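Report on the structure given below.
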């Protein structure tokens, strides 16, 4: 079909037409066709990027689909990106070697472009590891309820060797690129935005490589906007009594179409307001917000929360409120806690109130100082009792006499008194008894100092007679007399 546009100049007169051909456009309906010549054999090095073109055109425009070795390439192949005019592969790996087909289809037919990709520098994997989830803590909550219009993110981050592929399914049906998110580089998280009731279902992520496959399933429930506020079911919280220092808890059960906010409050008495930095007003009373534990969902659709009170004291007694709220309002219920008085006897102070006002170093230092002074005086008195006056000269002489009588038999035979000093000579001397008496008389006559008297309890005389015969026939005889003190 050919189209021809004409333009009439407004200045032309009647009967004169000036035709200007502006554009002639030829188009023809039919199946897709290849518009350019391509090289069907492609090579790439490990770690590089490569683009496989798919130059096709047609009227109506064809739908492009890529396959590798008979498997459809989809958004779960995180290194593969389907573009309008080709397929781009990032960080080429050895396993990317294979046959790739670009198939273009419209209402009149289809056309294929085949490629054989050869990866240069192909090497075997040093170790093959099956896939595993790398963030299991973020995957614990598998049942998720969200109101209409909200959003949710489902995570399935995994690793393996070789790098695994991931696909998402909803109720065992493979999700399309439009549903998963076309053109997204990160496919480990499935984001569902602006939720509608038809989004409810079971979502499964399937992660696989040549070493194995793993999967995880989430249950998503999209509920209509609630038109009622939460309802506290059962009888909890109830009035409770606890011993002083004991442990108790309050329990609160709330039913709501969506997960509510459960908060515990404690009423502040008029004389306790100064103890808290901030309070809120509920009705005609002031309340303080208490730390709240995690809210647990139950199989019957209700939600449970507990408030734990440990080491109960008198100031813990009072009114407690469980408050459950959602977008439509709130409900609450109150209960009272009674703390029994402490049964332990109070500790009696050792000092009077007047002395207790003194600082503790003074209280301890005064008795310690008194004890120290008394001990010093007592020690001095005991030491003074041990010192005695020196003995007189006669007493010393008598002591020497007594000691001489206590000498061993061997010493008494020698007639020796114990020496008074290290410089005193032994009583054995070449001086005889007469010479000793003469010396003592001389000292007395001169008036000089006398030596301390020496005691000689026994005197022995030893006479030896020696006879000597000479050559000339004479005989000589003499005696030796020895005095021993």
Inset, instruction - Looking only at the stretch 358-376, decide whether some residue is touching a helix residue (DSSP H, G or I) at 6+ places or on another chain (Cβ under 6 Å), surrounded by 10 or more Cβ atoms within 10 Å (Cβ to Cβ) and modelled with pLDDT of 65 or more. - result: no
Inset, instruction - Would you check if there is a residue in the stretch 159-169 being exposed (fewer than 14 other Cβ atoms within 10 Å of the Cβ) and either touching a helix residue (DSSP H, G or I) at 6+ places or on another chain (Cβ under 9 Å) or in a loop (DSSP other than H, G, I, E, B) (or both)? - result: no
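Confirm whether residue 195 is modelled with pLDDT under 90 and under 21 Å from residue 141 (Cα atoms).
Against the criterion (modelled with pLDDT under 90 and under 21 Å from residue 141 (Cα atoms)), residue 195 qualifies.
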Inset, instruction - Identify all residues within the stretch 192-209 that are touching a strand residue (DSSP E or B) at 6+ places or on another chain (Cβ under 9 Å) and over 13 Å from residue 144 (Cβ atoms); write none if there are none. - result: 193, 196, 197, 198, 204, 205, 206, 207, 208, 209
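Out of everything in the stretch 34-51 that is assigned to a loop (DSSP other than H, G, I, E, B) and more than 48 Å from the chain's Cα centre (by Cα), what residue ends up being surrounded by the most Cβ atoms within 10 Å (Cβ to Cβ)?
For the stretch 34-51, the residue satisfying everything is 38.
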Legend entry - Subset of the stretch 255-266 [modelled with pLDDT of 90 or more and more than 31 Å from the chain's Cα centre (by Cα)]: 265, 266
Legend entry - Per-region count, the stretch 100-109, residues in contact (Cβ under 8 Å) with a residue 60 or more places away in the chain and closer than 22 Å to residue 51 by Cα: 2
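This table checks each residue for (1) over 14 Å from residue 155 (Cβ atoms); (2) at pLDDT below 90.
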site: 202; (1), (2): yes, no
site: 207; (1), (2): no, no
site: 211; (1), (2): yes, yes
site: 224; (1), (2): yes, yes
site: 239; (1), (2): yes, no
site: 242; (1), (2): yes, no
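The values are calculated or read from the model by the stated rules, or taken from the named source; none is laboratory data. Note that this is a predicted model, so its numbers are computed, not measured. As a convention, Cβ positions derive from the backbone with ideal geometry for all residues, glycine included, and neighbour counts pool all protein chains shown.
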